[in-house]
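Take a look at the structure set out below.
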Amino acid sequence: MFSAGKTIKHRLKNLEQHLKKENPVLVEAVQSYRLLDRVGHSMGILNPDQSFATQISWWPMISVLGTFSAGKSTFINHYLGQSLQDTGNQAVDDKFTVVCFGGDHGTKALPGSALDADPRFPFYQISNELEKVAQGEGRRVDTYLQLKTSPSEKLRGRIMIDSPGFDADSQRTATLRLTNHIIDLSDLVLVFFDARHPEPGAMRDTLAHLVGETIHRPDATKFVFILNQMDTTARDDNPEEVVGAWQRALAQEGLTAGRFYCIYNPEVAVTIEDDSLRRRYESKRDHDLEEIHQRIQGVGVERAYRITGALEKTAHHIEEKLVPQIESLKARWRKLVYRADALFALFYLVIAVFLMQWLGFRDGFKLGTPDWWQGSSNNIAWTLIFAFLAAGGFIFLHFKARKFAQRRVIGQLEKASSPGLELERIRNAFVFNTRPWHSIFRKSPVGWGNHNYRRLQRVIDSANHYVQRLNDTFTDPSGDQSSPQKPSPPLAVVAPVNKETTVADDPGQSEPDRHIT
């Protein structure tokens, strides 16, 4: 069995071996993630069994979210060119389905445990997270997840996740946690709405979760909002009215720019008798579908930039966000402990005054008397005994106060923060900084100093260098690379077949700006 640290080293080594075949730039990025891990471990931001490299997805991933019967599964089937997912007007599947390339193995359906036990997939050890929601839920991972394979070449080098219909009013805590998990990991998030229900006001909570909680994310540009089944509006010829209703609903949640993609599946569309109207709908549908498909095909390139960009953003995040927040939490904790210590000191002072009165110490000590050790009211033996007991009691109560203050600050933090990876990092670092052997008088976070500051600067410099090398792969401002003697290196970032990688998200990721259409 590997220890926690050795397990991480082993997985990063396997990741490097795979990336050597795909992209040398990303191999070097793994080295920078190792340097970033040293900072995280020394400051308590990461546990010994964690790595920043395992908290992002090295596998290009597209997630498909949306309301019930919005056509998510139908869209996936149409894109893949096969009837992989069950479809219908009612909720036909309440599981998250991870779809990956199956090659010659064809189409197979595997249980959720296949995802929970395989570090190459985005739900590796997700049972541990489900267990945090409710005891026993971790053993029921098959009720939440399944894995399907497809021979479609469109899945080669990427995976798609089909989610159950979203309804914030009735969604279970475990399902919401899984939804947030795949949003964090995905390179592209397709959010589907149903054009057959032009009154979005009734689903305010759902819109708030799918839209309101995403627009302020640093990676908000990866969200694509799609109004599906637009063919149904042809009956009344009111597509502008339907789109306007949804745009107003999104604007109320803070999304004020851009437009919907408006699509429908031609295989199940209603018949549009008017030729000019049909051509109008088909033209719009084909244009928007083409843009969506281009975004899906481009997730490999976007992932390469996001992996390198996450290095710089995480380094800046530690320096500019986590360090000040840890300092603030420590200051709040220190203030609570000081108050408790003051109360304890006052308590002991009052006890000491009463004891001195009772023992007659106001008359002075008589150290030279024969009965000095015989329990006389005027000897110093009782003073020494009391002082020893008082000091031991004060130390005991001090550390009890530290623990109590720690739990109270953590409670306030959890109440004020949304569950997720960011909260976990801050909580880990705070607990690390308030361990019994760390001085209460230290104001700066444990592990934070010039050495780790220089490490972060090295990571930032390296990340900028990686981006330049990626740019050299795709751009040629001088025209020097146009010669056939200088072919561009491949940049495909695909999933390893026999190597271990783990996926999880980093809150600091972002991707190139784009408009919402």
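The values are calculated or read from the model by the stated rules, or taken from the named source; none is laboratory data. Computed from a predicted structure; not experimentally measured. Neighbour counts are summed over all protein chains in view; Cβ atoms, including those assigned to glycine, are modelled from backbone coordinates with ideal geometry. For accessibility, only protein heavy atoms count, side chains too; no ligands or nucleic acids. Shrake-Rupley method; radii C 1.70, N 1.55, O 1.52, S 1.80 Å.
The residues listed here are Ser42, Ser127, Ser57, Ser69; of these, the one that is modelled with pLDDT of 80 or more and not hydrophobic (A, V, I, L, M, F, W, C) is Ser42. Taken over region 404-453, the residue count meeting the criterion of being in a helix (DSSP H, G or I) and of a type outside the set (Ser, Thr, Tyr) is 29.
Within region 36-59, not a single residue is surrounded by fewer than 16 Cβ atoms within 10 Å (Cβ to Cβ), closer than 30 Å to Asp231 by Cβ and not aromatic (Phe, Trp, Tyr). Pairing each residue of region 452-475 that is open to solvent by 60 Å² or more (accessible area, probe 1.4 Å) with any residue that is in a helix (DSSP H, G or I), provided the two are 6+ apart or on different chains, yields C-beta distances under 6 Å for Arg469/Val25. Selection over region 1-10 of residues that are modelled with pLDDT of 75 or more and open to solvent by 30 Å² or more (accessible area, probe 1.4 Å) gives a count of 2. Screening Cys262 with (1) in contact with a Lys or Arg (Cβ under 8 Å, 6 or more places away or on another chain); (2) surrounded by fewer than 20 Cβ atoms within 10 Å (Cβ to Cβ); (3) in contact (Cβ under 8 Å) with a residue 40 or more places away in the chain gives one miss only, at (2). Among the residues of region 432-445, just one is crowded, with 19+ Cβ neighbours inside 10 Å and more than 24 Å from the chain's Cα centre (by Cα), namely Thr434. Residue count for region 123-159, restricted to those that are of a type in the set (Val, Ile, Thr) and surrounded by 20 or more Cβ atoms within 10 Å (Cβ to Cβ): 3. Restricting region 183-204 to residues that are charged (D, E, K, R) and at pLDDT 65 or above, the residue that is nearest to Thr74 (Cα to Cα) is Asp194.
Taking residues in region 149-167 that are at pLDDT 85 or above, and partners anywhere that are of a type in the set (D, E, K, R) and surrounded by fewer than 22 Cβ atoms within 10 Å (Cβ to Cβ), the pairs with Cβ atoms closer than 7 Å and at least 6 places apart or on different chains are Thr149/Lys108.
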